[in-house]
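Enquirer: So that we are looking at the same thing, I have put the structure below in structure tokens.
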Amino acid sequence: MVYRSATGKYICGICGYVYDPEKGDPTQGIPPGTPFSELPDDWHCPRCKREKSNFNPA
């Protein structure tokens, strides 16, 4: 089962970084408006560098 965030935000289970699709991730070239589900497979947490699989709906 895949859980989705009602806000679109996802939180890193390791360091607590929150990915906000309204902001994107400019450090990795992810433009604002990019949903978490559309992040590339090689995207990682900009704070702790862990994989996308460590994120949970916020």
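Enquirer: In the stretch 9-38, which residues are assigned to a loop (DSSP other than H, G, I, E, B) and touching a helix residue (DSSP H, G or I) at 6+ places or on another chain (Cβ under 6 Å)?
Expert: Filtering the stretch 9-38 for residues assigned to a loop (DSSP other than H, G, I, E, B) gives 9, 13-17, 20-24, 29, 31-35.
Matches in the stretch 9-38: Gly13, Ile14.
Quick grid of which residues meet (1) within 13 Å of Ala58 (Cβ to Cβ); (2) in contact (Cβ under 8 Å) with a residue 12 or more places away in the chain; (3) β-branched (Val, Ile, Thr):
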residue	(1), (2), (3)
Tyr10	yes, yes, no
Gly29	no, no, no
Thr34	no, yes, yes
Asp41	no, no, no
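Enquirer: While we're here: Looking only at the stretch 39-58, which residues are hydrophobic (A, V, I, L, M, F, W, C) and in a loop (DSSP other than H, G, I, E, B)?
Expert: So the first thing to find is which residues in the stretch 39-58 are hydrophobic (A, V, I, L, M, F, W, C), and the list is 39, 43, 45, 48, 55, 58.
Result: Leu39, Trp43, Cys45, Cys48, Ala58.
Bear in mind these aren't lab numbers, they're just calculated from the coordinates by the rules spelled out. If you're wondering where the values come from, they're calculated on a predicted model, not measured in any experiment. Neighbour counts are summed over all protein chains in view; Cβ atoms, including those assigned to glycine, are modelled from backbone coordinates with ideal geometry.
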